[in-house]
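> Structure below; questions to follow.
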Number of protein chains: 2
Amino acid sequence: MSGVTGDNPLMGGEPRVLYDIGQMRGFRPGGPVGFVPTLGYLHEGHLSLLRRAREECRVVVLSIFLNPLQFGPEEDLDLYPRDPERDLRLAREAGVDAVFVPDASEMYPEGFSTEVRVRGLEDLLEGRSRPGHFAGVATVLARLLNIVGPDRMYMGQKDAQQAVLVRRMMADLGFPARLVICPTVREEDGLAMSSRNAYLDEEERAAAAAIPRALFAARDAARRAERETGGFDAGALRALVERELRGEPLVELEYVSADEAGSLGPVGPETREVLLSCAARVGKTRLIDNVVVERLRPGAGGERKDGP
Amino acid sequence: MSGVTGDNPLMGGEPRVLYDIGQMRGFRPGGPVGFVPTLGYLHEGHLSLLRRAREECRVVVLSIFLNPLQFGPEEDLDLYPRDPERDLRLAREAGVDAVFVPDASEMYPEGFSTEVRVRGLEDLLEGRSRPGHFAGVATVLARLLNIVGPDRMYMGQKDAQQAVLVRRMMADLGFPARLVICPTVREEDGLAMSSRNAYLDEEERAAAAAIPRALFAARDAARRAERETGGFDAGALRALVERELRGEPLVELEYVSADEAGSLGPVGPETREVLLSCAARVGKTRLIDNVVVERLRPGAGGERKDGP
C-alpha cells in the first residue's frame, strides 16, 4: 500500500515535485489550496508559512523559483544561495503536498512580455533602491496565482512593502485568493530570518543584530511615550532608529522610514499602525527589517510630525 | 414554474443582470463558461461572438463596461454611444445567461493602482496612435478574467492587435481560459461593424467603405501575384492600400501596416500570414480595419521587401 502515498498528497509521504506548468495546473487533489511562493533556500521563516498553510488548508503547495525578474542587473541573483535537496527535505518535513520547481524558461518562455506594475507603491522604500524589483514580484506572482490557483497565499511580514503591494495587486486584478501575512521569524538575537543572512561573516552577523535592536528600541520608546504622553511621534521613532544604527560602524544605513502600515502613505493623526522599516548594508549584504507600532489611541496627542 | 427561469440560466429566459463583483463571482451555474467582454452599444459583430459562445459553452456571460482606462484624454469616452436597454434586449435574444454591468467605481475602486502592460506589442500600430490604450485593455481584461472566470473568451478579429496582445497577456500571466478570435462582421458594402460607425454622417458613411475596398483590393492583388509569380510582396500590398485611400478625399489615412499576423513582427520570408491593417479618420471618426493575407507558399518567391 505504501506506493499509494506518493500519489495522494492527502495521505502524507513524499511531496510531488512538479517541474512544468501543465503538471502544476493538473494537480488538483480537491479541497482548499494553501500556497507559499519562495525563492528557495528555505529557512525558519518559510517553514512558519508552510506550517500555517498546513494548519489552514487541505492541500499545501510550495513554489521554489529564483525569479530573475525581481533582481536588478547589479544585484545578487547569481550569488543567491541555493540548496534544492535541503529545500525538498524541509518541504517533506513540513508536510507539503506539492513542490512546484519551474525553471526560468518554463516561467518566461521566449516572447514573454507582460509586466504587472503597482503604480505608487512600487516606487517607495525598497522600490527606490531596487528599480524594477516590484514589477518583477507582481508579474511572477500574478502568473503563479493563475498556475497554482490557491485559495490562500502565505507571505511574511518581513517583506512588509511586498505584502502591501501584493495585496493591492491581488485586489486590483481580482484574484480570488486571500493573502495571509505571517509574523517575521527571528534568530535568537532578533535578526530577521533571511536567505541572505548566509552571506554574513561572523563579525557582520553580530553587527546585523543592531538592526532589530534599533527597531525594537523604537517600538519600546513608542509604548513608553504613549503611556507617558498619550501618543508618540513617528518622525521621532525614525530618528531614534537612525541614531542607533549610525552608531554601528559595520552597518551602513540606506533608509529608515515611518509610514502608514496598510497603505505605505504618510503617517497622519488617524493612523493606527505605523510601519517602521529600514534597509541597511552589512558588508556587501543588503538586509531589510521592520516593526509595526500600533497606536493605542489614534487621533490623541503626541503625533506632531508636521507640527512646530 | 415560470419564476424559475430567471434563476436558472440553463433554462433560458431573461439573462441575469449583475452589477457588482460579488454577484458576478457568485454566478457559477456549472459547465463551461464563455465570456464576451464589450464596451456596450452592441452590434452584429458582438452578436456573432455571443452566438459562437452560445454554441460552444454551457454558460454565456456578456460584460458591458465602457472602460475609461482604454480611452486617452483626447478620445471619445464621453461621446461613445450607449443604449443599455437595447443591449439587454439583444443579449436576451442572443441567449446570454448573465450580463455583468459594473460601474467605474466597482471596477476601479479608490486606490486602484495596478497596470498590466505588454511591452513591445503595446507600442506598435494602434499603440503609437493611442498611448496607454492597450495598458487599459490588458488591465481591465486581467481583472474581468479573474472576476468572470471563463473557460473561453471571445473577441473579434477587427481589433487584430488587441487579439494578439490579449493572447500574449493571457499566456504570460497564465490565465487558463482559451481566447477565441472570431471573424470581422461587415456591413453589406464591406465596412467593418463598429460602435463608432454611429458617428458617421451619410456622406462619411459612404466614403468609409473605401477602407475595406482598399484592403480587399490588396488581398485580391496578393492572390493574383501568388498565382502569377508564386508569391507577393507585403510592402507592395501596403503601398496599394495607401494609394487607394489617398484617392478618397474624406478619408484621412493614419497608417497602413503589413506585419506578421501572429506576432506583429516584421514580415519575413517564412511569414505565413500577413496582417494588413490600417487606421483612418473619416470626418472626426477614427476607424480601423484589417485583412489577413495568407501566404500559400511561404519561403517562395515574390517577397523581396528588403531586397533591391
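> Describe numerically, in nm with one decimal, the distance between label points set 7 Å from Cα along Cα→Cβ at B:LEU79 and at B:ARG223.
3.6 nm
> Please give me, ordered by residue number, the GluC sites (Glu not before Pro) of region B:62-152 that lie in loop per DSSP and have at most 12 other Cβ atoms within 10 Å.
The qualifying sites are B:GLU74, B:GLU110.
> Grab the other residues whose beta carbon is less than 14 angstrom from that of A:ARG213, score K and R as +1, D and E as -1, and report the net.
-3
> Measuring from a point 7 Å out along Cα→Cβ, what nm distances, shortest first, does B:GLU252 have to its partners in the other copies?
5.7
> Calculate I(q)/I(0) for region B:236-290 by the Debye formula, one identical point scatterer on each C-alpha and no solvent, and give its log10 at q = 0.28 Å⁻¹ to two decimals.
-1.07
> In addition: Evaluate the protein assembly as shown: find the radius of gyration of its Cα atoms, find its Kirkwood radius, and give the ratio Rg to Rh.
Expressed as Rg/Rh, it is 1.03.
> What whole-number value in cubic angstrom gives the convex hull volume per residue for the C-alpha atoms of chain B?
Per residue, the Cα convex hull of chain B comes to 146 Å³.
> Next question. Take every Cα pair under 8 Å in chain B that's 6+ residues apart, average their separations, divide by the length, and report that relative contact order as a whole percent.
About 15 percent, as a whole number.
> Taking a cut-off of 17 Å between Cα atoms, list the aspartates and glutamates near A:LYS158, but don't count ones fewer than 8 places away on the same chain.
Cross-link targets: A:GLU44, A:GLU122, A:GLU126, A:GLU187, A:GLU188, A:ASP189, A:GLU254, A:ASP259, A:GLU260, A:GLU273, A:ASP289, A:GLU294.
> Please give me the summed charge of the neighbours of B:SER113: other residues whose Cβ is under 11 Å from its Cβ, Lys and Arg +1, Asp and Glu -1.
So the surrounding residues net to -2.
> Another one. What nm distances, shortest first, do you get from the label point of A:ASP189 to those in the other copies when the point sits 7 angstrom along Cα to Cβ?
The projected label point of A:ASP189 is separated from its counterparts by 8.3 nm.
> Treat every Asp and Glu Cβ in region A:195-294 as -1 and every Lys and Arg Cβ as +1, leave all other atoms uncharged, and give the resulting dipole magnitude about the Cα centre to the nearest 20 debye.
Around 100 debye, computed over region A:195-294.
> Another question, if that's okay. Under a plain spin-label model, where a point goes 7 Å from the Cα along Cα-to-Cβ, how far apart in nm are A:ARG119 and A:LEU296?
4.2 nm
> With each label point set 7 Å from Cα along the Cα-Cβ vector, what nm distance links A:GLU270 and B:ALA171?
In this crude spin-label approximation the distance works out to 4.7 nm.
> Where does helix A:160-172 land angle-wise versus the long Cα axis of chain A, in degrees 0 to 90, nearest 10?
60 degrees
> Here's another thing I want to ask about it. Can you tell me the Rg and the Dmax, both Å, for the Cα atoms in region B:13-159?
Considering region B:13-159 through its Cα atoms, Rg and Dmax are 15.1, 44 Å.
> Grab the residue from chain A whose Cβ hugs the A-to-B rotation axis most tightly, plus its distance in whole angstrom.
Value returned for chain A: A:VAL116, 3.
> Additional query: When Cβ neighbours within 10 Å are restricted to other protein chains, what is their mean count per residue of peptide A:116-122?
5
> Rounding to the nearest 10 and keeping the result within 0 to 90°, find how far the Cα-based axis of helix A:133-148 lies from the longest principal axis of chain A.
Around 40 degrees separate the two axes.
> Follow-up question, since we're still on this one. If you put a point 7 Å past Cα along the Cβ direction, how far is that point for B:ARG58 from the same point in each other copy, in nm, smallest first?
1.9
Each reported figure results from applying straightforward, stated rules to the coordinates on display, with no laboratory input. The shown structure was predicted, so the numbers you read here are calculated from the model rather than taken from an experiment. All Cβ positions, even for glycine, are placed from backbone atoms using ideal geometry, and neighbour counts span all protein chains on display.
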